[in-house]
Each structure stands twice: as structure tokens, then as C-alpha cells.
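Coordinate-derived values only; no laboratory data. Everything quoted here is computed from the prediction, not taken from an experiment. FYI the Cβ positions are ideal-geometry reconstructions off the backbone, even for glycines, and counts take in every protein chain you see.
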Amino acid sequence: MSIEPEDSDRGRLAGKVIIVTGAGSGIGKATARLFALHGATVLAADLRGADHIADAGKEEDVLRLISMAREEHGALHGFFANAGISGGLASIFEQTPDDWQEILRVNLIGPFLAIKHAAPLIRERGGGSIICTASVAGLRSGAGGPAYSASKAGVISLVKTAAQQLAGSNVRVNAICPGLIETGMTEFVYNKAREKGVADKLGHLNPLRRGGLPVEIARAALFLASDESSYVNGHALVVDGGLSSSHPFNRQDYGRTAI
């Protein structure tokens, strides 16, 4: 799936300076590229594979990225707090407190640090957008391990609280909740399905009956980062092919599902 914008569609982020974490692969990499294609100056950060090496869950690293935006570019208009880890699918009874602490540090404290430290500079420049990657796993069980799911539910709550605490600042805070997307985090799922010859079953639980691509989440991030979403705030945008639109059911018992 191409991510090249139409010529008439370029420039949706012209003049904006935006930080993207987790930009070394997957959703972050696709988003950093798409933002740049639309005219943004992007500070792409990750533990590896990006222009700037940073741990999104470390306060000093987040502060360094924001200082870089201020000193080198004179502004910050957006922050995509996308970095995250899965922690695997171990049960509550198999995970340790250390597992939980690390997953929460990256997945929830990271977005907290982004909001806390980016919002003042974004406000100084007249406002802008902070986007945090949550997950359908934060909406209901069955899409991730317990610590991962709890961390993503926390992100959804965080953006709602932050939007209220930033009232009057013109700084919008929203989340994106991806469904099954082929990234480095889900690579083991895709590889396992391919080894078993059932790759065509991936994503079959959603009405589109397929998994998603990083660019499909990047396009949602582009909307939230742009002025086109100027009245969207404190919202969790679900991009999952319709997976979360229903409780689990057996399609054969549900009647005719296709025309």
C-alpha cells in the first residue's frame, strides 16, 4: 500500500515541528515518513534505527528531544508518543512485578512524560497536537498480555485527563487504538501463522477480515497531527478494521454477513 500523498494533498503539516518516538520501525517509521512527506520537520527517535537515539520512558531523553526541537528548530507543534513494548502473552500468574514495571514505564510513563514536557512548548507556539499510541487491547481483553493491556487502558485514560488539564491551552491530546498491525511487535504472530500456512486467517475476526498495515495507522496520526482535527480532543480513535465494534460471536450462527 503506497504512502505517497497526492500532489494536491501535500503540505498538511507544512511548517510544523513534530517529535515521533518509536520511529525506528513499524507504525513510528511509517508515520515519521508520512509526516515528512506532508512538510513537517520530524525528530524521529528510537532506541535504534532512527535519527535520534532515545528511550521514551526516560525523562532525561524526552527532555533532550524537546530541547533539541526548541534549540534547533525554534518550536514544537506536535509529539507522537508511539514507542511501546508488548511484554509477550504471559498470564497474570506468570508475569512478575519487574515485567509490569518495565511495560508500564515504556507504554504509559512514556506518554505521560511526552505530555508533561511537550505541552508547555507547544502551548508557547500557539497550540498543537499530542498523540499517544494506545491499542484495542486497552478497550477490552483478548488482544494482548495483561500488563500490556493495562498500560494501553492507562493511555486512553491519560489522554482524556490531559485534555481536561490542558483546557484553554489549544493543546489537543488524543490516542490511536490500533488493531492487529504487522509490525516488529507482532512479527512473531505473523511468522507463526505463515509457518503453519494460516496467514490468510490473520485478522479474520474483524469485518474487513485482514490485518492492518503501519501506514493505515500513520494516516490516522496524520489527521490528528494536522489542523483538520482541530476540534478533536480527549479522544481515542480506534483503527482496527471494525474488530472492536462487536462482542465475540460465531459468524455461522449470526446469519448472512455478506452480500
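General remarks:
- Take the Cα of Tyr231, step 7 Å toward its Cβ, do the same at Leu89, and the gap between the two points is 4.2 nm.
- Per-residue Karplus couplings for region 143-160, computed as 6.51 cos²θ - 1.76 cosθ + 1.60 with θ equal to phi - 60°, are listed in order as 10, x, x, x, 5, 4, 4, 5, 5, 6, 5, x, 4, 4, 5, 4, 5, 5 Hz, Gly and Pro entered as x.
- Using the Cβ of Gly179 as centre and a radius below 13 Å, the other residues enclosed give a net charge of +1, where K and R count +1 and D and E count -1.
- Computed extension length for Ser67-Ala14: 17.0 nm, one decimal, from 0.36 nm per residue of separation with the Cα-Cα distance subtracted.
- Whether region 46-146 is rounded, prolate or oblate, judged on the alpha carbon gyration tensor where a/c under 1.5 counts as rounded: prolate
- Tensor-based shape of region 1-111 (alpha-carbon gyration tensor, a/c under 1.5 rounded, otherwise prolate or oblate): oblate
- Checking the Cα-Cα distances for Lys29/Lys116; Lys16/Lys160; Lys116/Lys152 against a 22 Å cut-off, the pairs over it are Lys29/Lys116; Lys16/Lys160.
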